[in-house]
Structures are given as C-alpha cells and as structure tokens.
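Worksheet for the structure shown next.
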Amino acid sequence: MLRDEIFPSIAARKISGYRGAELFIREEGNEVEFVTLLRFDSMDAVKDFAGANESKPVIFPKAEPLIMRMEHARHYRVAI
C-alpha cells in the first residue's frame with residue numbers, strides 16, 4: 001500500500017520542498033514495525049504536507065485499521 005498508493009499520492013501533491021520518502025521495517029515477534037521517513041526542505045514544506053499540527057502523524061484512512069499503535073511525528077534537521 002505504501003509503495004503502490006500512499007507514496008505516489010504524496011508525490012502527486014507536488015508539494016514544494018518535498019524530496020521523497022523511505023520505509024524502514026523491523027520485525028519483532030509477531031509484530032512488524034514501520035518507520036517512514038519523508039524528506040522536506042523546510043518546516044514550511046512539512047506544514048504544507050501535514051497541516052498546522054505537524055506533530056500529528058498523517059495516516060491514510062485505508063491504512064489506519066492496520067496500525068496497532070503510532071507515535072507523534074518527529075522532525076529533524078540534516079546536520080551534515
């Protein structure tokens with residue numbers, strides 16, 4: 001769903017400053033942890049994507065029933 005629907009739909013929004021997405025997966029026991037990394041040029045671009053509350057995760061409705069728990073979105077600057 002991420003590869004075929006969600007990531008392409010984010011790219012199709014043509015948000016100025018959006019630089020792509022990556023998915024990291026870690027299996028532990030009977031659970032699979034997903035971490036998505038979306039790259040933006042600025043916090044303004046993040047807000048264009050996520051809305052005014054940039055710490056609230058953006059979850060597509062079709063994916064929501066598949067998620068057992070989620071954390072707040074966190075934002076980092078590239079240092080090097």
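If you check every pair at least six apart or on different chains, which have Cβ atoms under 7 Å apart with a residue in segment 1-22 that is at negative phi and free of Cβ contacts under 8 Å to residues at least 60 places away in the same chain first and a residue that is part of a loop (DSSP other than H, G, I, E, B) and open to solvent by 40 Å² or more (accessible area, probe 1.4 Å) second?
Pairs that qualify, where the first residue is at negative phi and free of Cβ contacts under 8 Å to residues at least 60 places away in the same chain and the partner is part of a loop (DSSP other than H, G, I, E, B) and open to solvent by 40 Å² or more (accessible area, probe 1.4 Å), are Ile6/Phe60; Arg19/Asp41.
Just give me the residues in segment 34-62 being open to solvent by 80 Å² or more (accessible area, probe 1.4 Å) and of a type in the set (Asp, Glu), in sequence order.
Selection gives Asp41, Asp44, Asp48.
I'd like to verify a number: residues in segment 1-33 that are assigned to a loop (DSSP other than H, G, I, E, B), open to solvent by less than 50 Å² (accessible area, probe 1.4 Å) and not β-branched (Val, Ile, Thr), how many?
Summing the residues that are assigned to a loop (DSSP other than H, G, I, E, B), open to solvent by less than 50 Å² (accessible area, probe 1.4 Å) and not β-branched (Val, Ile, Thr) in segment 1-33 gives 1.
For (1) of a type in the set (S, T, N, Q); (2) within 19 Å of Leu2 (Cα to Cα), each residue gets a yes or a no:
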| residue | (1), (2) |
| --- | --- |
| Tyr18 | no, yes |
| Glu22 | no, yes |
| Asn30 | yes, no |
| Glu33 | no, yes |
| Glu54 | no, no |
| Val58 | no, yes |
| Ala63 | no, yes |
| Ile80 | no, no |
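The values are calculated or read from the model by the stated rules, or taken from the named source; none is laboratory data. Everything numeric in this text was worked out from a predicted model, so none of it was measured. Ideal geometry is used to build each Cβ from the backbone, glycine not excepted, and the neighbour counts take in all protein chains shown. Remember, those area values only see protein heavy atoms, side chains included, never the ligands or the DNA or RNA. Shrake-Rupley method; radii C 1.70, N 1.55, O 1.52, S 1.80 Å.
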